[in-house]
Amino acid sequence: MMALSTLLSFAEDKKEMESIYLKDGSIIRGEIVEYIPNQHVTVKMGNGNQVQFQYDEIDRIEKRAPELSEERYDPRRDRRAGRRRRADTTEFLLKKGFCGFFNGAITAGDQFGQKITLAFGGRLQPNFFLGAGAGITTTDDTNGYGNHISVPLFLDTRFDLLKKKVSPFIEGRVGTEIAIQGITGFYGAAFLGCRFRRFQLSTGFEITPGLEEDYYYEYGEFFDNDHDYHAKNFVINLGFEF
């Protein structure tokens, strides 16, 4: 009889208990002693107390391993665990699908000024992006021509080296800049940067169209012999993914 009593007691201790996950993030562990659908659930805690929860307070109910079922209910601890769990599920992860990038840039070199670009496309693989973009460029040509205002149109490719929330990446662009003031021509850029979740910082070089003023003196008169050239600029980008 003593042996049978010991076995029954051991089986009772090892009995699986339920974990009730509330919508506010709390976790209650115990034995469900009463369950009335669409009304309420009564749970018997490890210390013998019974707690009743309304049906609309409950997110889900799961079985727990015996060693976890013996933990005493701690509302503050379980609320903290619920917040951590929600933070984990909402963590930014790379995945296939449509996305875009917004960047603000400062350029320095043959042209000094600002550039804003917006690219939209899709991740064909979680760490490979292909899309197209447009923007606005406002710079001063350091070779003497003056203001250069244009609209860049380009194809954009990007490769994230890691699939983690922090990852280095490389990006390349090729297209054209349509001049509002200045000259229209080829646009190309290559960047190396780092992503932290949705935010990113990168640096690199770009080639844009430029116009250089060339005056010369002949026969007692000055002549203007402006000519096109490829401006080379150093670029710093700050942006985010959406």
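Where a number appears in this text, it was derived from the coordinates with a stated rule and is not lab data. In this text, all values refer to a predicted model and were calculated from it rather than measured experimentally. Methodologically, a virtual Cβ is constructed for each residue, glycine included, from the backbone with ideal geometry; neighbour enumeration extends over all protein chains shown.
Here are the numbers:
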{"read-out": "Computed lengthening from N38 to I58, 0.36 nm per intervening residue step minus Cα-Cα distance", "value": "6.2 nm"}
{"read-out": "Residue pairs, from the table K96/K164; K95/K165; K23/K44, whose Cα atoms sit over 23 Å apart", "value": "none"}
{"read-out": "Amide H contacts under 5 Å for G46, placed H, 5+ residues apart", "value": "Y73"}
{"read-out": "Gyration tensor (alpha-carbon) shape descriptor, segment 97-241, a/c threshold 1.5", "value": "prolate"}
{"read-out": "Net length gained if the chain between V174 and K23 were fully extended (0.36 nm per residue, minus Cα distance)", "value": "49.4 nm"}
{"read-out": "Mean Cβ neighbour count within 10 Å, used as a protection proxy, ranking 27-35, 131-139 highest first", "value": "131-139, 27-35"}
{"read-out": "Computed FRET value (nearest 0.05) for K164 with I116, which takes r as the C-beta separation and R₀ as 22 Å", "value": "0.20"}
{"read-out": "Estimated FRET transfer efficiency when R0 is 25 angstrom, pair D228-I106 (beta carbons, to 0.05)", "value": "0.55"}
